[in-house]
1. Of the GluC sites (Glu not before Pro) in segment 1-94, which ones lie in a loop per DSSP and count no more than 12 other C-beta atoms within 10 Å?
2. Compute, for segment 32-138, the length of the dipole vector about the Cα centre, with Cβ point charges of +1 (Lys, Arg) and -1 (Asp, Glu) only. Units Debye, rounded to 20.
3. Answer rounded, prolate or oblate for segment 32-138, using the Cα gyration tensor with square roots of eigenvalues a ≥ b ≥ c: rounded when a/c is under 1.5, else prolate when a/b is larger than b/c, else oblate.
4. Counting other C-beta atoms within 10 Å, which of PHE76, PHE84 has the fewest, and how do the rest follow?
5. Which whole-number percentage describes the relative contact order of segment 32-138, with Cα contacts under 8 Å and a sequence gap of 6 or more?
6. First select every other residue whose beta carbon is under 12 angstrom from the beta carbon of GLU96; then total the charges, Lys and Arg +1, Asp and Glu -1.
7. Return the distance in nm (one decimal) between the two label points of a simple spin-label model at THR89 and PHE15, each offset 7 Å from Cα along Cα→Cβ.
Amino acid sequence: MDKFIHRLKYYLIGFGLGCVMVYAIFYTGDDARSSWLPEGRVLEFIEETELVVMNKYITCTLECNNIALEDFDKTFFQKAKVNFSESSTTREPCPEYQIEGKLADGREVILLIETCEPRRLSTAEEKEDIATLVNISFEGLKRDCLCE
């Protein structure tokens, strides 16, 4: 019985040190999501890249619904989630991700964002990372705007 207690102490000390090491390695402290997980990487990439709208219809829809591109800031992406089941992650050369989040005014928004990194582009003409807003939808979206 004495040997068992001795071995149990060593086991618990090792287990405790292991837990402390895992906590120290993976906990960043300032961010709720981890950038080593796929969702964290995607959101971090979009957050650090300037969001661009190349479609006039999307621009008109944003203006008609009183949404500015500045509304999709760091606080929006920190609370957002990536819906991988509705995303086209294997699309080449630029995958599309469906992002679900809440605006500052409480409206829930679903964004479809295409992300392009220079290393993925075949011509490598683009020198910077690109995140393009492809589609937007949310409850109460005004569809009667004069957008074409």
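Read-outs: derived from the displayed coordinates by stated rules, not from any lab. Just so it is clear, the model here is predicted, and its values are computed rather than measured. In this analysis, Cβ positions are derived from the backbone assuming ideal geometry, glycine residues included, and neighbour counts consider all displayed protein chains.
1. On the way: sites: GLU39, GLU44, GLU47, GLU48, GLU50, GLU63, GLU70, GLU86; in loops: GLU50.
Answer by residue number: GLU50.
2. On the way: 12 positive and 21 negative charges, 55 e Å.
For this selection, approximately 260 debye.
3. oblate
4. On the way: PHE76 20, PHE84 13.
With the sparsest Cβ surroundings first, the list reads PHE84, PHE76.
5. Working: 168 pairs, mean separation 27.8, N = 107.
RCO, segment 32-138: 26 percent.
6. Details: positive: ARG91; negative: GLU86, GLU92, GLU114.
Taking every other residue near GLU96 into account, the sum is -2.
7. Going by the 7 Å Cα→Cβ label model, 3.3 nm.
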